[in-house]
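Below is one structure, written out as structure tokens; comments come after it.
The values are calculated or read from the model by the stated rules, or taken from the named source; none is laboratory data. These numbers were taken from a predicted model, which means no experiment stands behind them. A quick note on method: Cβ atoms are made from the backbone with ideal geometry, for glycine too, and the neighbour counts reach across all protein chains shown. Heavy atoms of the whole protein, side chains included, go into the accessibility calculation; ligands, DNA and RNA do not. Shrake-Rupley method; radii C 1.70, N 1.55, O 1.52, S 1.80 Å.
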Amino acid sequence: MVKSYKIALIPGDGTGPEVVAEAVKALNTAAEKESIQLEMTPYDLGGDRYLKTGEILPTGIVDELQEFDSILLGAIGHPDVKPGVLEKGLLLELRFQLDQYINLRPVILYPGVDTPLKDKGPEDIDFVVVRENTEGLYTGGGGFLRKGTPHEVAVQESISTRDGVERCLRYAFDYCRRRNKRKKLTLCGKTNVLTYAFDLWERVFHEIAKEYPEVETDYAHVDATSMWMIKNPEWFDVIVTDNMFGDIITDIGAIIQGGLGIAAGGNINPNGVSMFEPIGGSAPKYTGKNVINPLACIGAAQLMLDHLNEDATARRIESAVKKVVANDVKNLSVGKMGKTTSEIGDIVVSYIQQGGE
Ligand code: IPM
Ligand code: MN
């Protein structure tokens with residue numbers, strides 16, 4: 001019987017639809033090679049729909065999305081919508097409602113790609129950040145007091161629950177063991193200042209570590225982690241951290257692996273439906289110009305196949321991406337690629353068709 005997957009597409013805002021279109025081309029080509037079937041259903045969500053109808057995440061949509069095997073998302077964020085409305089109302093809401101409690105962000109420099117790090121190459125930049133994705137500063141806890149007065153108070157709470165911390169750490173330990181590289185898990189925190197939240201994180205980290213004797217554990221404060229990711233990225237194998245720190249350090253990760261043109265991640269619910277996306281935003285000023293790099297979204301599609309355990313299909317996409325960056329597009333930033341969005345997508349497709357490593 002032919003294996004078949006139901007994939008929901010959320011192209012979203014700005015350049016999202018352009019990059020999702022290229023990822024779909026790559027997915028269909030690779031799936032055909034491996035004789036698997038991908039049944040894709042697009043969802044019209046994002047800034048344009050909000051501006052037209054006032055709807056951000058209409059009732060019923062989350063229930064529908066639960067029925068899919070996976071979701072591929074382009075980008076969320078519209079220049080005519082106040083910052084935060086779509087990001088919180090759509091992207092974070094999906095992550096929360098679908099309980100995608102892991103944000104998995106590999107930081108891998110492919111051969112041939114420029115990194116801003118002097119004297120560092122693909123052998124040095126190869127690690128994964130496991131970011132907690134449903135708690136911390138992102139829960140929206142807090143509020144204003146005396147808003148608009150000179151005595152205004154703004155409180156923004158960071159929530160860390162034992163359950164939430166534990167499930168994230170367990171995922172990170174499992175992932176580190178499965179990844180089978182250096183088997184080193186670094187907890188990135190701030191135990192010297194955030195003495196409640198990271199006390200909890202650290203205690204649970206050491207508790208769970210006992211169940212994983214083969215995984216070496218390490219700890220670094222977030223400020224030091226940021227420095228070392230640049231100075232000695234080869235020290236890292238898997239980094240686990242909370243939501244806010246994970247957000248920040250994965251932008252550092254993205255730039256050292258070649259930029260937002262290539263960086264991809266997955267919002268993962270190991271027991272539910274996961275959602276894969278390029279890390280970069282909707283890039284409104286490049287919308288419709290066919291200039292944005294689709295490789296990050298194509299990489300997100302590959303992570304999706306990995307998550308669905310379609311290893312062979314995932315490897316076909318990954319090796320095509322590696323060939324493109326080695327042979328065809330050396331600089332991955334907008335304006336420097338020397339190729340259009342759809343040209344890059346076409347080259348990826350032709351490499352998948354040719355096959356081989
Ligand atoms: C990311 C983004 C989001 C986040 C924004 C758009 C809400 O920066 O996916 O890293 O902060 O998580
Ligand atoms: Mn971010």
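Annotation: of all residues in region 85-134 being hydroxyl-bearing (Ser, Thr, Tyr) and away from ligand 2 (no atom under 16 Å from the Cβ), the one that is nearest to residue 182 (Cα to Cα) is 110. For region 181-198, the criterion of being of a type outside the set (Phe, Trp, Tyr), assigned to a helix (DSSP H, G or I) and surrounded by fewer than 18 Cβ atoms within 10 Å (Cβ to Cβ) is met by none of the residues. Here residue 319 clears all of (1) surrounded by fewer than 24 Cβ atoms within 10 Å (Cβ to Cβ); (2) within 16 Å of ligand 2 (Cβ to nearest atom) except the condition numbered (2).
There is no residue in region 291-306 that is modelled with pLDDT of 95 or more, within 16 Å of ligand 2 (Cβ to nearest atom) and surrounded by fewer than 20 Cβ atoms within 10 Å (Cβ to Cβ). For region 93-126, the set of residues classified as part of a loop (DSSP other than H, G, I, E, B), of a type in the set (A, V, I, L, M, F, W, C) and farther than 17 Å from residue 262 by Cα consists of 98 only.
Would you be able to say whether some residue in region 233-242 is open to solvent by less than 10 Å² (accessible area, probe 1.4 Å), part of a loop (DSSP other than H, G, I, E, B) and not assigned by TED's automatic domain parsing to the domain that holds residue 119? Checked against the condition, which is being open to solvent by less than 10 Å² (accessible area, probe 1.4 Å), part of a loop (DSSP other than H, G, I, E, B) and not assigned by TED's automatic domain parsing to the domain that holds residue 119, region 233-242 yields no hits at all. In region 328-357, of all residues being among the hydroxyl-bearing types (Ser, Thr, Tyr) and either over 16 Å from residue 24 (Cα atoms) or under 23 Å from the mean Cα position of the chain (by Cα) (or both), the one that is surrounded by the most Cβ atoms within 10 Å (Cβ to Cβ) corresponds to 341. The residues listed here are 241, 217; of these, the one that is away from ligand 2 (no atom under 16 Å from the Cβ) and of a type in the set (Ser, Thr, Tyr) is 217.
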